[in-house]
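Just so it is clear, none of the values below were taken in a lab; they were calculated from the coordinates. No experiment lies behind these values; they were computed from the predicted model shown. Counting neighbours? That spans all protein chains shown, and the Cβs are built from the backbone with ideal geometry, glycine included.
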Amino acid sequence: MLKTRWFTPWLFIAPLLLLLIFVFAYPLVSIFDYSQRRIRVNEGPYIGTTNYQQVLSDDVFGQAVAHNVYLLVAAVPLLVFVSLFVAILLYEQVRAWKLYRTILFLPYVLALPIIGVVMSNLFQLNGAINTVLNAFGLSFLTRDWLGRSENALFTILLVIVWRESGFGIVLFLARLLSLNEELEDAAKVDGARWWQRRWYVTLPQMRSIIEFYVVVSMITMLAWVFAYVYSMTRGGPGNATIVLELYMWNFAFRNALPGIASAVAVLLLATTFVLMIPVFILRLREQRAWERGDNRS
Amino acid sequence: MTQATLTQPTNPPTEQAAQAPSMTHKARAQLRWPIHLVLMFAALLVMLPAYFTVITSIKSEADYSANKIGLPAQIVLSNFDTAMRGGRFLIWFGNSLVLTTGAVVLSSVVAILAAFAFAWMRFPGRNALLIMITLLMVIPPVVIIVPIFLMLSQIDLISTYPGTILIYAGLVAPFAVYMLTNFFRTIPKELFEAGLIDGASLLDLLLRVLLPLSSPAILTMVIVNALYVWNDLLVALVLLPKDNLRTVMVGITVFGSRYNSDVPVAMAGMMLASVPMIVLYLLGQRYFIRGLVAGAIKE
């Protein structure tokens, strides 16, 4: 530690604090305030919980929640399974594994709006996906992927998994490459088969990173899917792919009702923090274990 | 989620963590071919949309409607001319470049100063403050975008570069502080003490000792934050509603729906829009990977 006068550290931190107060603190306080007012332009009378009541009794809000929950329940297990499976295969370091990694991570680097525009063309009724399916004699799988209500959300799910697994793969692979090889070698000496070593030796060591990825993905499915939906369907057809973020967006910028949008924001924020709690408990426990010096056992 | 990171007080991600090749760990021969097959299939799935985009962008519209997935009957470059019409891509690129540069520079300066204090100075409330700042990383921007919009409208910073740069800089700053603080902590104390004996000031120490040693970490942070700002749709859509201030991402979203019946032109536009990021990714791949898994990796 450097010796400084008491105010010196604050001089170094002050610009950051000012910026964060401007971008985070003030808006965070504001959404609680706005959510209890009938806002027009930027002020309005206090109306208590009316906005919340209105949101909670709105059918479209219910649909949006259901869609986010659908994405969460369907995408998270798929993402974990696909990423873990591919990462374990990459871990075998077959020839050109780095090339595979470069390719598989690419979707995560590409901008979502670009992916959205390309995918919505691929998934058109007479688009490339249906053409390929027909060419392979799989015409029973063809459908109007984005144009019909019963398919659209599933199609968005496919695109999400297609893109987000890139992050999971690289994350899991990085963890795998930092694993202790001794356990693996010991298991080999004991005659454990490949899949046994993966299941009994590798996976248990991956536990905390998998938990981390699950939480991150859950938060993503609840609160970071705006760009997918906006660039592919704008919530349609009808409300078939509306999600919480788009619902908020509509109230804030199309219906000019920021009070309602803020009530949704508060609910979303609360859910995010509830999801975070287990991670923090976990991290705290790990930190204590590490401080006791028994993290290697 | 963007730079998905949660608090984790550990070492900064090292090159080792991101991609240490292990020589001892090799698949048995009979496993190799099945592994290649699966990986090739996955790579194929990933590359198919890219193939479609490239192939379609050089087809004529008539060719495309007859032949969705095959090679073009004749290579047509006019789609790129149509996509570029009126120099719109250049304007969008210019806007994105200004915003990305501004936000990255501002957030880096602010974060470097703060991380220096967090890593090397003692003051009350330091750890609590750092935890609060890292917590900000999980707040989805959509949650705070409404008050930000109203706030900027009130102070006449809506539809301006400075207002938008401030917001982007704030959104990426927590990650920058988190990453740099962890990195600064790994720098050996001896280097500092030598500087102090020479009578260097704190700012000298930061600029002459710390920064030169931290260039890989700073580069990683710059790349991750640039990627975030460049690829963002939501904030740009809300804060820059004027046509002439559109970023690449807002531009192509509008462009994509305008040309949704002329797919070859739309795909030519998507190629133009994605080239900068793909080139950057291929050049600085390890920084991308290291940055995006930063904070999640535990040694």
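Structural remarks
- Remark: A:Tyr46, A:Tyr34 ranked as A:Tyr46, A:Tyr34, counting other beta-carbon atoms within 10 Å and listing the fewest first.
- Highest-MSF residue in chain B out of B:Ile218, B:Ile69, B:Ile58 [GNM, Cα springs under 10 Å]: B:Ile69
- Here the contact order of chain B, divided by its residue count and restricted to Cα pairs under 8 Å and six or more residues apart, works out to 38 percent.
- Using R0 = 45 Å, the C-beta based FRET efficiency linking A:Arg40 and B:Leu213 works out to 0.25.
- Linear extension gain, A:Ile281 paired with A:Lys188, 0.36 nm per residue minus alpha-carbon span: 30.0 nm
- Mean separation of Cα contacts under 8 Å (6+ apart) over length of segment A:58-288, as relative contact order %: 29
- Kirkwood Rh in Å, taken over all unlike Cα pairs in chain B: 22.2
- Prolate/oblate/rounded label for segment A:155-280 (Cα gyration tensor, a/c 1.5): prolate
- With a Förster radius of 56 Å applied to the C-beta separation of B:Asp81 and B:Ile131, the computed FRET efficiency comes to 0.55.
- Added length on full extension, which subtracts the Cα-Cα distance from 0.36 nm per residue, B:Asn244 to B:Thr160: 29.2 nm
- Helical segments meeting 18 Å axial Cα length and Kyte-Doolittle -0.5 threshold in chain B (DSSP H): B:29-57, B:88-120, B:141-154, B:161-185, B:215-231, B:263-283
- Spherically averaged projected area in nm², based on the convex hull that wraps the Cα atoms of segment B:39-108: 7.6
- Three-way shape label, segment A:16-171, alpha-carbon gyration tensor, a/c 1.5: oblate
- In order along segment B:72-86, phi translates into HN-Hα couplings of x, 5, 8, 6, 10, 9, 5, 4, 5, 4, 4, 4, 7, 3, x Hz, rounded to whole numbers, per the Karplus curve 6.51 cos²θ - 1.76 cosθ + 1.60 with θ = phi - 60° and x for Gly and Pro.
- Among B:Asp232, B:Asp243, B:Asp262, sorting on how many other beta-carbon atoms sit within 10 Å of each Cβ, with the fewest leading, yields B:Asp243, B:Asp262, B:Asp232.
- The stretch between A:Ser139 and A:Asp58 holds 25.2 nm of extra length on full extension. This uses 0.36 nm per residue minus the Cα-Cα distance.
- As a proxy for reagent exposure, A:Glu184, A:Glu211, A:Glu164 were ordered by neighbouring Cβ count within 10 angstrom, fewest first; the result is A:Glu211, A:Glu184, A:Glu164.
- Shape category assigned to segment A:58-288 from the gyration tensor of Cα positions, a/c cut at 1.5: oblate
- Contact order normalised by residue count of segment B:39-105, Cα under 8 Å, 6+ apart, percent: 22
- Cα-based equivalent ellipsoid of the protein assembly as shown: semi-axis lengths in Å, sorted from largest, via gyration tensor: 37, 33, 24
- Simple spin-label estimate for B:Val109 and A:Ala66 in nanometres, 7 Å along Cα-Cβ: 5.2
- Per-q log10 I(q)/I(0), segment B:162-299, q = 0.09 Å⁻¹ (Debye; single scatterer per alpha-carbon; no solvent): -0.42
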